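The values are calculated or read from the model by the stated rules, or taken from the named source; none is laboratory data. Model, not experiment: these values are computed from the prediction. We place every Cβ from the backbone using ideal geometry, glycine too, and count neighbours over all the protein chains shown. Protein only, heavy atoms only, side chains kept; ligands, DNA and RNA dropped before computing areas. Shrake-Rupley method; radii C 1.70, N 1.55, O 1.52, S 1.80 Å.
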Amino acid sequence: MTVHLHWFLPTGGDGRTLVDRHAFSGGALERTPGRPIAGVRAPDLDYLVQIAKAAEQLGFEAVLTPTGTWCEDAWLTTVALAQHTQRLKFLVAFRPGVISPVLAAQMASTYQRLTNGRLLLNVVTGGDSTEQRRYGDHLDHDRRYARTDEFLSVVRGVWGGTAGAPYDFGGTHYQVDDSFTALPPDPLPQIFFGGSSAAAGPVAARHSDVYLTWGEPPQQVKEKIDWIRELAEQEGRTVRFGIRLHTISRDSARDAWATADRLLDDLSPETVAAAQAALGRSESVGQQRMLALHGGRREDLEISPNLWAGVGLVRGGAGTALVGNHAEVADRIEEYHALGIEHFVLSGYPHLEEAYWFGEGVIPELSARGLVSPATTGGAPLLVAGGR
């Protein structure tokens, strides 16, 4: 079993610091609308093309694109980037409740054909009510997951239908009649799903091909794997697993940790406190687990060998990074892989430079251990479901 390596597109801006936004809102640091930020690389097409081309050349299979009011639209951005790449796949994020599942199925089918099967869909249930309300979504946390359950059923059903056999669905959140896509995707996308709450687990077990977790210490990741495996077995299904992490890999461990320390140089105690307060209001169980790893303190941020929680001091979502020399980072990937993790969705600040550090340093280490297979142009596109 080899690992699948994916990178990240910073469609909200990029830079050499963790603080590149001006306001805390909705559990994340967000840019003040219309206000440029000194020292931040704008997510314009030219810069994102550089990252996408680098990821493709270095051997990453796909790039994850986020969703939210703080970043560019994932659909439009990635369909533009697809014109500048040949093999790279795109994890396009969107939210149930903001878009019709039938329209989502149609858009995904069209996108896949236009890009020759390079679409991955990141279905983000949403762990924060403040951000969801910006989109006009007023459901609470658990009902959002119940809606995602129905959403994925409709998408799959519509993809499986034809003009001669349309799909009907009658649920609490969606009712569709005689629905189908003109040309369903072939092959059908696999489904990735993330979520740490009791409401998320059964949805993951019913719908996901790959369960995606944020980067917790190995023992906690194993507990999640065991939890989802048991739920999936109850559904008569088998689920694979992935993990979302940042990376800081250098020729020497000293240089890697020095780089990690520099990311914290411009974080005042007030900045960290404000970020922690904003993140603490999130309804996301996964976000609360991230916060519990470090308690808002700069001390003891290495919470497991080579696993650093500094990113989570001020940023929502995945808050941990693998830090060390290339062999050490490869060791940690191998350790997670031994637990059953196959997909590694990675990122780093800045994303262009860190892609090269990882691609030229860690990927050869993984290849030497037989953990990475050559990049291919084939294979099924993936549907990635997120939201904590």
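Can you pull out the strands (runs of 3 or more DSSP E) entirely within region 259-376 that have at least 3 residues that are hydrophobic (A, V, I, L, M, F, W, C), under 18 Å from ALA55 (Cβ atoms) and under 17 Å from the mean Cα position of the chain (by Cα)?
Counting at least 3 such residues, we get 341-347.
Looking at (1) in contact (Cβ under 8 Å) with a residue 60 or more places away in the chain; (2) open to solvent by 60 Å² or more (accessible area, probe 1.4 Å), can you tell me which one HIS141 breaks?
It fails just one condition, (2).
What strands (runs of 3 or more DSSP E), lying completely within region 163-208, carry at least 2 residues that are more than 26 Å from GLY127 (Cβ to Cβ)?
Working: elements: 167-170, 175-179, 190-194.
Hits in region 163-208: 167-170, 175-179.
With respect to the numbered conditions (1) under 22 Å from the mean Cα position of the chain (by Cα); (2) surrounded by fewer than 19 Cβ atoms within 10 Å (Cβ to Cβ), which one is the sole condition not fulfilled by TRP214?
Condition (2) is where TRP214 drops out.
Any idea which of (1) open to solvent by 70 Å² or more (accessible area, probe 1.4 Å); (2) of a type in the set (A, V, I, L, M, F, W, C); (3) in contact with a strand residue (DSSP E or B) (Cβ under 8 Å, 6 or more places away or on another chain) is the one ALA274 doesn't satisfy?
(1)
Across region 112-138, what is the total count of residues that are closer than 18 Å to PHE193 by Cα and out of contact with any Phe, Trp or Tyr (no Cβ under 9 Å at 6 or more places or on another chain)? Full working, then the answer.
Applying the first criterion (closer than 18 Å to PHE193 by Cα) to region 112-138 yields 119-128.
When the remaining residues are screened for being out of contact with any Phe, Trp or Tyr (no Cβ under 9 Å at 6 or more places or on another chain), the result is 127-128.
The number of residues fulfilling the criteria is 2.
Please count how many residues of region 63-90 are in contact (Cβ under 8 Å) with a residue 60 or more places away in the chain and in a helix (DSSP H, G or I).
Residues meeting the conditions: 4.
Whether any residue in region 25-32 is at pLDDT 95 or above and either under 25 Å from THR125 (Cα atoms) or touching a Leu at 6+ places or on another chain (Cβ under 8 Å) (or both) is what I want to check.
no
Within region 224-242, is even one residue under 16 Å from LEU307 (Cβ atoms) and either in a helix (DSSP H, G or I) or at pLDDT 95 or above (or both)? First the steps, then the outcome.
Here is the first cut: in region 224-242, the residues under 16 Å from LEU307 (Cβ atoms) are 224.
Of the ones still in play, those that are also either in a helix (DSSP H, G or I) or at pLDDT 95 or above (or both) are 224.
Yes, region 224-242 contains a residue that is under 16 Å from LEU307 (Cβ atoms) and either in a helix (DSSP H, G or I) or at pLDDT 95 or above (or both).
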